[in-house]
Amino acid sequence: MLKCRKVSRDIGMAMSETIELDQKSDPRAVRGYAFYDWGKSAFETSVTTAILPFWFALLFLEANGLTTTVLGNSMGSDAIWSFAVAGAALLVAVVSPSLGVIADRRAIKMWWLKILTYIGAGSTFLLFAAPFLPINTQWIWLMVMFILANIGLNGAGVFYNALLPHMGKDDEMDRISNLAFAYGYFGGGILLVIHIGLLLATGYAEWATQFAMASSGLWWYGFAVLTFKWVPEPPIENEMDSLGFKESASLALSEIRKTLGERDKFKTLFIYMIAYFFFIDGINTVTALGGIFGTVVLGITSIDLMVTILAIQFVAAPSAILFTKLAQKIGTKQALTMSLVGWVVLCFAALSFAPLELESHEEYQIQFDWNEEQNMYEVQMMDANVPELAQKLKYEKSEFNEQEWATTWSHLLPVDIDDRRDTMKWTFWVKDSKGDNTDVPYVLSLNDVDVSEIISFISSLDDSRFSTSVSGGSLDSSSNIGVDHPTNLGDGKLDAIPEAARDKVWGPLGLAVGYQFLLLGCAMGTLLGGSQGLARSMFGQIVPETRSAEFFGFFGFFGKVAALIGPLLYGALTVMYDSRVGILSVSVLILIGAVMMRMVDVEQGRADAQAEDARNRGIDIAEE
């Protein structure tokens, strides 16, 4: 064990006492630390991944269609969502090193954690207000509140992570860090169960979605109160006086320049931060954009998405603890590297996701059925995942105005006008006298419709995102699948991969895309807790306690710039090519980080950190 002798700075004073550089953990403080993860995970699960992406995509669709023009470029909701995530990360990345420098010289880590939690949890709560705004601004409100919530989350993360080195000894870091992540997965999972149950019970009522947003903000703040109460502010030796904004900024900038000049002094730490930059970029991009990718590109339903995220939560929680045990046997670095290799493999596997080709009549969205008794066709809409009709859908060489199309063919379609939004929507269920949906599907009888009109209608779906099929009568087995339907592959740069997987794997197994997403989600859940927890733990082991906020500020800077680069890269490649090319770029980022881990010498990093702590405390280190 490294022991040390504290040396007095006062001449003539003879003082010698033996102390330890690390302090053993306090169980109550550790629980308080873990409960912050428990609370904020509501935003990361119910909001960021499970519910908000689908809601955002729906409101975006109602206001714009599949795409809108931003700065002269046509963008879909998944690309805009990725740029929103990147914008929030950019602001935090710029200011986090400066905040960290000041927080190491004044006892303000917990104060900043509180302020940024108020911003994050408050913005999350305010997401519920979107439906009270005009339809064209609802998706913008969601995006703005989501950006503010991310600023609060990422900013608070700088100070929350900076508390870790003060929570216990070096050999406790893996346990404490992974315990916090396990708390987070359980906490987020429990609330998501409540949200899913409510959404299913209400038939995805809008107020249930609003409740999910508001309760996620309250959940985050409520459990953060335990952190504020049980986790003490780390002591600051020789705390500096309070400075004004100009003086604080000047000090922060000068110290940042000084820190950057210490690359040789903390070589291991800086190498690790660069490796972390790449692999956490990829991991965070997957978690932030996985929901919107599944919804927009794969066409999975909202319930598929929520069930998958729920499964990930309860798989990741015990996996985080198992990775702690693995790290105890083979070391933190080796365990982390194993998880990164697993991420690369699974990201490549994600390219193979593909909805199965439609085979039976019941799998098509718009179904025409021949009624022998009435001697006529009946039609109904079966895919509740597309409850709204877009204003205008744009394609490369043509425009498909979905509202105009639905109006033209309204006598053949189970559609109705939404009076509140003055837009057309699909009718799925018969309504009772109170206007509530019943369990009886809505079927439109086509009494005076000529067969030739149905033939023309089927042809009209060529440029749409819908599928239609006819069962019985003279048009039996007639069908059409629109060019933008999720099952329509072949136009993308990497579509050969999902096409081959569908033909050779998913099709023979009869595994629908919802189950594919669930399967791979659970596999990723086994890696998620270990990779995130061990990454933070490893940094906590090689960072000086006396400069924890400063270095975690840089840790946050690298992480947030990474959070900026990943979504930007995904968004740019999605606009230039398609979403699967974006996913491929994410796997390359993780691979680079995994390779760089070979250059990280953990033991040397620990020794550098302990030597720095000793110097800052006026201590001579002695080996025992």
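The values are calculated or read from the model by the stated rules, or taken from the named source; none is laboratory data. Just so it is clear, the structure is predicted and the values come from calculations on it, not from any experiment. A quick note on method: Cβ atoms are made from the backbone with ideal geometry, for glycine too, and the neighbour counts reach across all protein chains shown. What goes into the accessible areas is simple: the full protein's heavy atoms, side chains included, and nothing from ligands, DNA or RNA. Shrake-Rupley method; radii C 1.70, N 1.55, O 1.52, S 1.80 Å.
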In the stretch 261-304, what is the volume of the convex hull around the alpha carbon atoms, normalised per residue and reported in Å³? 75 Å³
Collect residues whose amide H, placed 1.01 Å from N in the peptide plane, falls under 5 Å from the amide H of T427; neighbours closer than 5 in sequence don't count. V415, D416
Residues whose modelled amide H sits under 5 Å from the amide H of L356, counting only those 5 or more places away in sequence or on another chain, are V513
At 1.4 Å probe size, with every protein chain present, just tell me what the per residue accessible area of the stretch 295-381 comes to in Å². 42 Å²
Hey, can you grab everything whose amide H is under 5 Å from the amide H of N371? Only 5+ residues off in sequence or another chain; H modelled, so Pro and N-termini drop out. M376, Y377, E378
I'd like to compare 288-301, 438-451: which one has the highest average count of other Cβ atoms within 10 Å, and what's the full order after that? 288-301, 438-451
When you count, for each residue, the other Cβ atoms within 10 Å and take the mean per peptide, how do 136-146, 153-163 rank with the highest first? 153-163, 136-146
HN-Hα J couplings of the stretch 145-157 from phi, Karplus 6.51/-1.76/1.60, θ = phi - 60°, integer Hz, Gly and Pro as x? 5, 5, 4, 4, 5, 5, 4, x, 5, 5, x, 4, x
May I ask you to evaluate 6.51 cos²θ - 1.76 cosθ + 1.60, the Karplus curve with θ = phi - 60°, for each residue of the stretch 332-340 and list the ³J(HN,Hα) values in order in whole Hz, giving x for glycine and proline? 4, 4, 5, 5, 5, 4, 4, 5, 5
Per-residue HN-Hα couplings for the stretch 570-576 [Karplus 6.51, -1.76, 1.60; θ = phi - 60°; Hz; x = Gly/Pro]: 4, x, 5, 6, 5, 5, 6
Taking the highest mean first, how do the peptides 271-277, 329-335 order by number of other beta carbon atoms within 10 angstrom per residue? 271-277, 329-335
